[in-house]
Amino acid sequence: MESCQLTDLVSMDTLSRLLESLYPVIGLPLEIVDAKGNVLAGVGQREVCHFFHRVHPDTCQRCRETYHSLLQNAHQEQISMRRCLNGLMEVAAPVF
């Protein structure tokens, strides 16, 4: 059975607009990340993440390692929370 990706099922523009509408209500940064750690949609990310951590190779690698660790639990249908390797809190939940 061939697996499909979220991007095959949902418009990323629509998903981005949905996240943007949720952000003022909950006030927490939100990202939809694929199994490889690529950000598909997001809103409210901290500037330190995108303009520092994701730009520099060492800290970017720590981001990838954190995503990988969180995704392992998400694949087991669990919500996972931990401090990322760059010192910020990260929470992951699987999307079904």
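In summary, residue 93 fulfils each of the numbered conditions (1) modelled with pLDDT of 85 or more; (2) within 22 Å of residue 3 (Cβ to Cβ) with the single exception of condition (1).
In the set 31, 20, 47, only one residue is within 10 Å of the chain's Cα centre (by Cα) and free of Cβ contacts under 8 Å to residues at least 40 places away in the same chain; that residue is 31. When 49, 63 are checked against the criterion of being in contact with a Lys or Arg (Cβ under 7 Å, 6 or more places away or on another chain) and of a type outside the set (Phe, Trp, Tyr), 63 stands alone in meeting it. Annotation for the range 29-46: no member residue is open to solvent by 70 Å² or more (accessible area, probe 1.4 Å), outside any loop (DSSP other than H, G, I, E, B) and of a type in the set (A, V, I, L, M, F, W, C).
State whether the residues of the range 59-66 include one that is open to solvent by less than 70 Å² (accessible area, probe 1.4 Å) and touching a residue at least 40 places away in the same chain (Cβ under 8 Å). No, the range 59-66 contains no residue that is open to solvent by less than 70 Å² (accessible area, probe 1.4 Å) and touching a residue at least 40 places away in the same chain (Cβ under 8 Å). Of the residues in the range 2-14, none is surrounded by 15 or more Cβ atoms within 10 Å (Cβ to Cβ), touching a residue at least 40 places away in the same chain (Cβ under 8 Å) and not in a helix (DSSP H, G or I). The conditions of being out of contact with any strand residue (DSSP E or B) (no Cβ under 8 Å at 6 or more places or on another chain), more than 26 Å from residue 72 (Cα to Cα) and either surrounded by fewer than 13 Cβ atoms within 10 Å (Cβ to Cβ) or touching a residue at least 40 places away in the same chain (Cβ under 8 Å) (or both) are met by residue 25.
The values are calculated or read from the model by the stated rules, or taken from the named source; none is laboratory data. Source: prediction; values computed, not measured. Cβ atoms come from the backbone with ideal geometry, glycine included; neighbour counts cover every protein chain shown. Heavy atoms of the whole protein, side chains included, go into the accessibility calculation; ligands, DNA and RNA do not. Shrake-Rupley method; radii C 1.70, N 1.55, O 1.52, S 1.80 Å.
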